[in-house]
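Okay, structure first, notes after.
The values are calculated or read from the model by the stated rules, or taken from the named source; none is laboratory data. Just so it is clear, the model here is predicted, and its values are computed rather than measured. Cβ placement follows ideal geometry from the backbone for every residue including glycine, while neighbour counts extend to all protein chains displayed. For the accessible areas, the whole protein counts, side chains as well, though only heavy atoms, and no ligand, DNA or RNA atoms are used. Shrake-Rupley method; radii C 1.70, N 1.55, O 1.52, S 1.80 Å.
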Amino acid sequence: MIIEKLKQIKEGKLSAEANIKSFLEKIKKDNPKINSVLHINENAIEQAKLVDKKIKQGKAGKLAGLGFIVKSNINVLGLICNCASKTLENYKASYNATVIDKLLKEDAIILGMANMDEFACGSSGESSAFGVCKNPAALDRIPGGSSSGSAASVAAAFCDFSLGSDTGGSIRNPASHCGVVGFKPSYGAVSRYGLIDLSMSLDQIGPLAISVEDCEIVFNIIKGKDERDSVSRDFDENKKDLKKIIIGIPKIGANKDILELINKKVEEVLKKQGWKKQNVELKYIDLGIQTYYPINYVEFFSGTRKFDGRKYGKKIEDSCGEEVLRRILGGGEICKAEHAGKYYRRALKAKEIIKKEFENAFKKCDIIVMPTVPRIPHRFNEKISLEDMYNYDTLTVLANIAEIPGISIPCGIIKEGKDEVPVSIQLLAKVGDDSNLLEIAKKFE
Ligand code: GLN
């Protein structure tokens, strides 16, 4: 837990150097079997020594001495930021993303860059060009994706926290499969400056950690309006009275063991907190995946036109994997003039409808709960269809479409064969209600 760790560091019981060294040793020992880290920050120990000096002088920041791991699509000056793709294989970032500047300013220390699905396209961690990432909670199963390495690194105790990006579930989905907490803030709550886009109208950076409070601490540092990201903003939030929370319950299709665990969790929280529940109708959520993918394909196609082999790395079409190529070809096709108005613009209309639907639902309740992922993660040797792969995100894409915050919290284990697979509950709140959501989420842990 971050609070305790910071206290130890402050009281001189643990130095930044010792904290960072022990993480690096753990990574060295266990990463060959997990493969959640692609690159180590070779300067981490030197940086930790400097932080120790600042601590002694009483000049250190709020996260002094903590170690974190960064998804490889977030620019960190001088480190390889390759999006787990051959296209950008040796690309060293020439600047820091805003989130990185903010964390470094508070004296957190970067341990390394995380494995991920190539260009964040995926839900399983299998599409990395540098080998699959394993799930520390069940080694022969996928860790989820696309922030596979960020979630697996937290689960493997390689860091105090990590950063991921979430376009349709990529923070919450792997957090769920690996049994850690993952938080996707409201769209615009955290600057995207320095994030390599998957789909710019849906992408959001957020933290993964072992507790809600840890995610909250990181979120409070990285959030806020940034001049360099024109859609970023500060949200004015009215603090909710935590005694009077209404939990919205929609009808959801999912694996019945998962639904059972979710119901049990909800009943437990209702009883303990004296909160109320209320059924909510979300008629169009079945359109989530059909709405998400046309937007994703078109925006990804557009965003990748800069990877033409002239300025950065190799030409993307010549060097990427199957899923990335599918999106580029598909995105290029559906944004042709003859298809104008058919796919992308229709998807944008559906997006507005789903957004409205959530706005109305939040008039009746404070949060909406559902599983994070409707099924348990497959084994590496199981081949699944593209449709099944896309359907992993049925319940996570909704938050990105509606631009609302969402958090995934572990809520139990399902036994399958010899595996004990983590299952998580997802909580959603209205746009800008991020801090309230985090407060409520603590009661579900
Ligand atoms: N799995 C989804 C996709 O492949 C979501 C990815 C993400 O959130 N980055 O598009």
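Where both residues lie in the chain, what percent of DSSP beta bridges are antiparallel, nearest 5?
Values: 32 of 46 bridges.
Of the beta bridges lying entirely in the chain, close to 70 percent run antiparallel.
In percent, what relative contact order does region 332-432 have, based on Cα pairs under 8 Å that are 6 or more apart in sequence? Please report the intermediate quantities before stating the final value.
Working: 109 pairs, mean separation 31.3, N = 101.
It comes to 31 percent, rounded to a whole number.
What ranking, highest mean first, results for peptides 217-225, 417-425 when packing means the other Cβ atoms within 10 Å averaged over each residue?
Numbers: 217-225: 20.2, 417-425: 18.6.
So the peptides 217-225, 417-425, ranked by packing, come out 217-225, 417-425.
Between region 248-283 and region 348-368, how many Å separate their Cα centres?
After rounding, the separation between the Cα centres reads 18 Å.
Can you spot the aspartates and glutamates whose alpha carbon is less than 15 Å from LYS271's alpha carbon? Ignore those fewer than 8 places along the same chain.
GLU445
For the ranges 354-366, 140-152, what's the packing order if you count other beta-carbon atoms within 10 Å of each residue, average per peptide, and put the highest first? It would help to have the intermediate numbers written out before the result.
On the way: 354-366: 17.2, 140-152: 32.4.
Put in order of decreasing packing, that is 140-152, 354-366.
Using +1 on the beta carbon of Lys and Arg, -1 on that of Asp and Glu, and nothing else charged, what's the dipole of region 194-287 about the Cα centre, debye to 20? List each step's numbers first, then the result.
Values: 17 positive and 18 negative charges, 149 e Å.
Roughly 720 debye, rounded to the nearest 20.
Taking amide hydrogens as modeled 1.01 Å from N in the peptide plane, which residues meet the under 5 Å criterion relative to ILE414, leaving out close sequence neighbours?
Counting only residues 5 or more places away or on other chains, the set is VAL421, VAL423.
Of ALA337, ILE354, SER408, which is farthest on the positive side of the dipole of region 308-424, counting Cα position, with +1 on Lys and Arg Cβ, -1 on Asp and Glu Cβ, and the Cα centre as origin?
Most positive-ward Cα: ALA337.
So what is the relative contact order of region 1-82, in percent, for Cα pairs below 8 Å that sit 6 or more residues apart?
Values: 56 pairs, mean separation 31.7, N = 82.
After rounding, I find 39 percent.
With θ set to phi - 60° and the Karplus curve 6.51 cos²θ - 1.76 cosθ + 1.60, what are the ³J(HN,Hα) couplings of region 278-284 in order, to the nearest whole Hz, using x for Gly and Pro?
So the Karplus estimates, Gly and Pro as x, are 8, 5, 10, 9, 10, 5, 9 Hz.
With θ set to phi - 60°, apply the Karplus curve 6.51 cos²θ - 1.76 cosθ + 1.60 along region 135-145 and write out the HN-Hα couplings as whole Hz, x wherever there is a Gly or Pro.
8, x, 7, 7, 4, 8, 10, 4, x, x, x
Please work out the C-alpha center-to-center distance from region 47-80 to region 1-33 and express it in whole Å.
Cα centroid to Cα centroid, the span is 12 Å.
Which cross-chain or sequence-distant (5 or more) residues have an amide H under 5 Å from the amide H of TYR187, H modelled 1.01 Å from N in plane?
ILE404
Could you rank TYR284, TYR193, TYR293 by how accessible they are, 1.4 Å probe, largest area first?
TYR284, TYR193, TYR293
Given Cα pairs under 8 Å that are at least 6 residues apart, what percent is the relative contact order of region 88-187?
Numbers: 166 pairs, mean separation 21.4, N = 100.
RCO, region 88-187: 21 percent.
Convert 4 °C to kelvin, take the viscosity as 1.567 mPa s, use the Kirkwood radius over C-alpha pairs of region 14-63 as Rh, and evaluate the Stokes-Einstein diffusion coefficient in µm²/s, rounded to a whole number. List each step's numbers first, then the result.
Details: Rh = 11.9 Å.
Calculated translational D: 109 µm²/s.
With the convex hull built on the Cα atoms of region 159-215, state its orientation-averaged projected area in nm². Don't jump to the answer; show the numbers that get you there.
On the way: hull surface 15.6 nm².
The directionally averaged projection comes out at 3.9 nm².
Just list whichever of LYS184/LYS356; LYS71/LYS264; LYS10/LYS442; LYS306/LYS355 have alpha carbons separated by over 28 Å in the model shown.
Numbers: LYS184/LYS356 20 Å; LYS71/LYS264 33 Å; LYS10/LYS442 25 Å; LYS306/LYS355 31 Å.
Cα-Cα > 28 Å for LYS71/LYS264; LYS306/LYS355; rest within.
Please get the size of the charge dipole for the chain, origin at its Cα centre, with Cβ charges of +1 on Lys and Arg and -1 on Asp and Glu, quoted in debye to the nearest 20.
On the way: 68 positive and 60 negative charges, 132 e Å.
So the dipole magnitude of the chain works out to roughly 640 debye.
Can you list residues from other chains, or at least 5 along the same chain, whose modelled amide H is less than 5 Å from the amide H of ASN96?
LEU77
Counting only protein heavy atoms, what percent of the accessible surface of region 205-270 is carbon or sulfur at a 1.4 Å probe? All intermediate terms of the calculation are to be shown ahead of the outcome.
Numbers: 1730 of 3650 Å².
Here it works out to 47 percent.
May I ask you to order 315-322, 303-310 by the average number of other C-beta atoms within 10 Å around their residues, highest value first? Before the final figure, lay out the partial values.
Details: 315-322: 16.9, 303-310: 15.1.
Highest mean packing first, the order is 315-322, 303-310.
For the chain, what is the mean residue ellipticity at 222 nm derived from helices alone (per DSSP H run of n ≥ 4: -39500 (n - 2.57); sum divided by total residues; nearest 500 deg cm²/dmol)? Each step should come with its number before you reach the end.
On the way: 15 runs with 165 residues, N = 445.
Value at 222 nm, helices only, nearest 500: -11000 deg cm²/dmol.
Can you give the Rg to Rh ratio for the chain, taking only C-alpha atoms and Rh from Kirkwood?
Values: Rg = 20.6 Å, Rh = 21.7 Å.
With Rg and the Kirkwood Rh in hand, the quotient comes to 0.95.
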